[in-house]
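Please read the structure below before turning to the comments.
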Amino acid sequence: MTKKEIGAVACLYPIPAVVVGTKVRGKTDYALFGNCGIISAAPATVYISSDKKNFTNSSIKKAKVFSINVPSAGIAAATDFCGLFSGKKTDKSSVFTAFFGATGAPMAEECPVNIECKLKKIFNFDDTEIFVAEIVNSFVSERCLTNGQPDIEKIAPLIYDVANKYRTIGKWSVDAEKIGRDFQKQAEKRAEEAMRTAKTEKKAAKLLKKNKKQEAKREEKAAQAAEAEKEAAKKLKKTEKKAAKKVKKAEKKAAKKLKKVKKENNIAHETVREL
Ligand SMILES: Cc1cc2nc3c(=O)[nH]c(=O)nc-3n(C[C@H](O)[C@H](O)[C@H](O)COP(=O)(O)O)c2cc1C
């Protein structure tokens, strides 16, 4: 795998872009935040990380309450506007229609999800203040519910990505706490399969070794038989040569004997004739 170093980038994207609503002395403000998140599900606790220069900070400190609103992709422009201009100089109160719950923090009607928060703690971190808050109540637009539950596809939250772009979620969805279990089951299956394969491979290797040994033995026997055949042929040739020599010698001897007998016969004939 090849990797390219890109430096110290907080690559925890995508993150939801949320609108934080505050109201102090009758002044409503909405600001945009990417650096936010859940600290705990129960008690429901969240945080936003806000630059000390933001108007939002002084408002939260005074009112001790604020709202976190999840905008949908359809209201990206108004949302982005709230991230570009400060409530110190720009009145952003009419960007959204405010509605109020128990805390009195303004919530944006146009955002499908609204969370009312009560300030719990503030942490100082360099140029930032981290506001930790308890969730008092949450609201979801009825059109974004399916079977009484918030439907993320209908909410179509505006998400912010590493390339400084807003996106929204696609059609893709899977069941949390199920696919992980399926993955574990598949991993177990794969491990079993691997074990089975390893066993079969071991068996096959053993068989191959045995076959090779047998083959080597057969080859050795064949080589021995060929050698024996060669030796036998050599011996036969030698015996044949010897036999041929013997026959030749016997023939020569017989011819010599015949010649002698013929000679003696001639002498005998002549003697008879002379007599
Ligand atoms: C996409 C996006 C994300 C932002 N996220 C943050 C953030 O997490 N924290 C922060 O302090 N400011 C963030 N800002 C900048 C503030 O929204 C901006 O400074 C705004 O003017 C603050 O408004 P206020 O002064 O009325 O509070 C973000 C801006 C944009 C466009």
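Odds and ends about this structure:
- Of all lysines in the structure, the ones whose alpha carbon falls short of 16 Å from that of Lys234, not counting any fewer than 8 places away in one chain, are Lys242.
- Rounded if a/c under 1.5, otherwise prolate or oblate - the chain, Cα gyration tensor axes: prolate
- Whole-Hz Karplus values for the range 35-47 come out as 7, 8, x, 9, 9, 8, 7, 9, x, 4, 10, 10, 9 Hz, taken residue by residue from phi with 6.51 cos²θ - 1.76 cosθ + 1.60 and θ = phi - 60°; glycine and proline positions read x.
- Cross-link table Lys92/Lys118; Lys53/Lys165; Lys88/Lys165; Lys3/Lys189; Lys23/Lys89; Lys23/Lys64, entries beyond 20 Å C-alpha to C-alpha: Lys92/Lys118; Lys53/Lys165; Lys88/Lys165; Lys3/Lys189
- Within straight-line reach of Lys209, meaning a Cα separation under 26 Å, sit the following lysines at least 8 residues removed in sequence or on another chain: Lys199, Lys217, Lys221.
- Taking the average, over residues, of other Cβ atoms within 10 Å as the packing measure, peptides 110-117, 253-260 rank 110-117, 253-260 from highest down.
- Whole-Hz couplings from phi, Karplus 6.51/-1.76/1.60, listed for the range 212-226; x for Gly and Pro: 5, 4, 4, 4, 4, 5, 4, 4, 5, 5, 4, 5, 5, 5, 5
- Judged by the mean number of other Cβ atoms found within 10 Å, the most tightly packed of the peptides 29-36, 90-97, 65-72, 236-243 leads the ranking 65-72, 29-36, 90-97, 236-243.
- Cα centroid of the range 228-258 to Cα centroid of the range 38-98, whole Å: 121
- Highest-fluctuation residue, Thr197, Thr28, Thr146 considered, GNM on the chain with Cα pairs under 10 Å: Thr197
- Residue order, fewest to most beta carbons within 10 Å, for Ile130, Ile48: Ile130, Ile48
- For a straight C-alpha distance cut-off of 26 angstrom, the lysines reachable from Lys241 (same-chain residues fewer than eight places away being disregarded) are Lys230, Lys249, Lys252, Lys253, Lys256, Lys257.
- Value of relative contact order over the chain, rounded to a whole percent, pairs C-alpha under 8 Å and six or more apart: 16
- Cα gyration tensor category, rounded, prolate or oblate, for the range 15-171 with a/c compared to 1.5: rounded
- Build a GNM of the chain with springs between Cα atoms under 10 Å apart, and of Ala77, Ala156, Ala222 the one that fluctuates most is Ala222.
- R0 of 35 Å, Cβ-Cβ distance Lys256-Ala228: FRET efficiency to nearest 0.05: 0.25
A short reminder: the numbers here are calculations on the coordinates, not readings from a lab. From a predicted model like this one, the values you see are computed outputs, not experimental measurements. Note that we place each Cβ from the backbone using ideal geometry, even for glycine, and neighbour counts take in every protein chain shown.
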